[in-house]
1. So what's the angle, to the nearest 10 degrees on a 0 to 90 scale, between helix 311-320 and the longest Cα principal axis of the chain?
2. Using modelled amide H (1.01 Å from N, peptide plane; none on Pro or chain starts), what sits under 5 Å from the amide H of residue 37, excluding residues fewer than 5 places away?
3. What are the ³J(HN,Hα) values, in whole Hz, obtained from phi via the Karplus relation 6.51 cos²θ - 1.76 cosθ + 1.60 with θ = phi - 60°, for each residue of region 227-236 in sequence order, with x given for Gly and Pro?
4. Using the Cα atoms as the points, what is the convex hull volume per residue of the chain in Å³?
5. How far is helix 297-309 tilted off the main Cα axis of the chain, in degrees rounded to 10, range 0 to 90?
6. Enumerate the whole-percent occupancy of each 10 Å bin, from 0 to the last occupied one, for all C-alpha pair distances of region 133-179.
7. Can you tell me the 0 to 90 degree angle between the C-alpha axis of helix 240-253 and the longest principal axis of the chain, rounded to 10?
8. Based on other C-beta atoms within 10 Å, arrange 42, 300, 106 from fewest to most.
Amino acid sequence: MAVFTQADHADAAPWLRDNYGIELTGELEPITEGIENSNYRFTAADGARYIFTVIEVWDEELAGWCVRLARHLHDRGEPVPRPLRNRLRDGPLGVFAAKPAVVVDFVDGAWLPAPDASQCGLAGGAIARLHRAAADFAPLLPNPRGAAWRRETAAELRPSLPAADQELLDAALARDEALQASGLPRGACHCDLFRNNFLWRDGAIAGVIDFYFAGEDFLLFDLAVAAIDWTMDEDGAVDGPRLAALLAAYRAGRAPDAAEAAAFGDALVAGALRFWLSRLLDVARPRDAYALQPHDPVVFRRRLARCLADRERLAAALLNG
């Protein structure tokens, strides 16, 4: 992932020793994929491998909540890397360079750029299990990229968009507003269940990572984000077998009711809107970081347009398979 906060052995070794009891003998290895936080891979003196993350985007309250959710899920037996407990503070979070920071166990695995239907099914089942395991997690904090953020960001960006994009934005916001009034089941959600946040090893899910955009939202939002990234191509065309497998496995683990199924099309619109807006914002407000590679907003614009056009048919897919 991108590196905004530079850290070397001289900075990190005493911090890791004091905060987590870890002896660092070698160098930190920057991880240059991604665009939000600063991430380093390292091996401790005892051979254990870890990921050190400086959380760039949130204050201690929200960062701590995200990390506690990950720890809760790990403790429930879900394949979520264990955040280590900080020896100097209450919980896993520390402070490095005046920013929230955390150390988690390294997961040996790789993400799948082109999952097949069976792998989409495994992901759908995993999402249902995460939702069940998080059902008793409290207190809850709102999705930081939820409906309020989408409205505010849309208002900021709208004047700079061409007329066709403004029309698309307005249509998406109307569906998002309808979704917010639906009263559907809510809970702690990952909110960013892209393919690259699932690590695989030997044909199984080895780890679900990167909870740093987690928050309370409709459970359907998590499923919608996954459906977009796992089953749509860059033009928004849906791979039917992959979508069917994802949804069937989720239903087997947590059965959405008829109201949720009816709203699935709007949840897809909200998910596509969230990532279109964030990518537009990354272009409008570039951040200075080593190896930063912002995503192209055009992909999610196409996906959003397709979700709006096909939302009734896509909603039927959740109910009927």
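Coordinate-derived values only; no laboratory data. In this text the structure is predicted, and so the values were computed from the model without any measurement. Please note: Cβ atoms are built from the backbone with ideal geometry, for glycine as well, and neighbour counts cover all protein chains shown.
1. So the helix axis and the longest Cα principal axis differ by about 80 degrees.
2. 2
3. 4, 5, 6, 7, 10, 9, 7, 6, 9, x
4. So the per-residue Cα hull volume is 125 Å³.
5. Tilt of helix 297-309: around 40 degrees.
6. With 10 Å bins starting at 0, P(r) equals 22, 42, 21, 12, 3.
7. Taking Cα atoms only, the helix is inclined about 70 degrees.
8. Details: 42 23, 300 26, 106 15.
Going from least to most buried by this count: 106, 42, 300.
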